[in-house]
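Read through the structure below, which is laid out as structure tokens, and then see the notes.
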Amino acid sequence: MVLHGLTAMLSRFPETVEVIGTVSELADAVRAFRNDRPDIVLCDVRLRQVSGLDVCKAIRELDPQAKVVFLTVYDDEQYLYQALRVGASGYLLKRVDGHELVRHLESVALGEVVIDPSLAGRVAASAAHLQHGEFWPGARLGLTQRESEVLELLVRGLSNKAIAARLVVSDDTVKTHLRGLYRKLEVNDRGAAVASALREGLFH
């Protein structure tokens, strides 16, 4: 559905963009890139079997000059940083409209790196904080800023429902963040996560 919708949206700009193929698996993406050599690859961060980051790395191993742009719903700086580290040429959010997307693709084609405006300001703010030695707790352990916020509330003893209310997100979103921070802290439950956070001195 997403592929058909994106193709339909881009088809409104035939003088600028031509969609030469759509795929949903890593092997197919590598094969399509090798055969068709598109100017730009649009890719989501999360796919069914693998990470879009793996797709980007695989394609850029074939061609270090390949331009890969992430188009995703994940407005998390950590995903953006990871995308840039694997050589992405852009990171855009799916709320972008057709005209904006095409404009960004034109910029990428000219050699620029594009970042969704809603993320660019936050990234600049994070960079400014880093200049003063500030960062969110757990960043050195790979936690995203939101995962750090969830962990802090976990340490304070809040339930999933209370965390969701505090952060104004759904219970399922909280569970997703918990799974992520459990994996990064290499623990299996709330108690172990809290113990790890206190042992690492993340919160006082």
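Brief remarks on what is shown
- Selection from 41, 51, 17 lying farthest towards where the dipole of the range 9-51 points positive, charges on Cβ: 51
- About the Cα centre, charge dipole magnitude for the chain (Lys/Arg +1, Asp/Glu -1 at Cβ), debye: 600
- The chain, helix-only ellipticity at 222 nm - DSSP H runs n ≥ 4, -39,500 (n - 2.57), divided by all residues, nearest 500: -16500 deg cm²/dmol
- Efficiency of FRET between residue 199 and residue 156 - r from beta-carbon atoms, R0 22 angstrom, step 0.05: 0.85
- Here the mean projected area of the convex hull built on the C-alpha positions of the chain is 12.8 nm².
- Contact order normalised by residue count of the range 57-125, Cα under 8 Å, 6+ apart, percent: 32
- Extension gain from residue 20 to residue 167, taking 0.36 nm per residue of separation minus the Cα-Cα distance: 48.8 nm
- Antiparallel bridge percentage (DSSP; both residues within the chain; nearest 5): 10
- Relative contact order, percent, the chain [alpha-carbon distance under 8 Å, six or more residues apart]: 13
- Lysines with Cα under 25 Å of residue 94, excluding same-chain neighbours fewer than 8 positions away: 57, 67, 175
Where a number appears in this text, it was derived from the coordinates with a stated rule and is not lab data. These numbers come from a predicted model, not from an experiment. Virtual Cβ from ideal backbone geometry, glycine too; neighbours counted across all protein chains shown.
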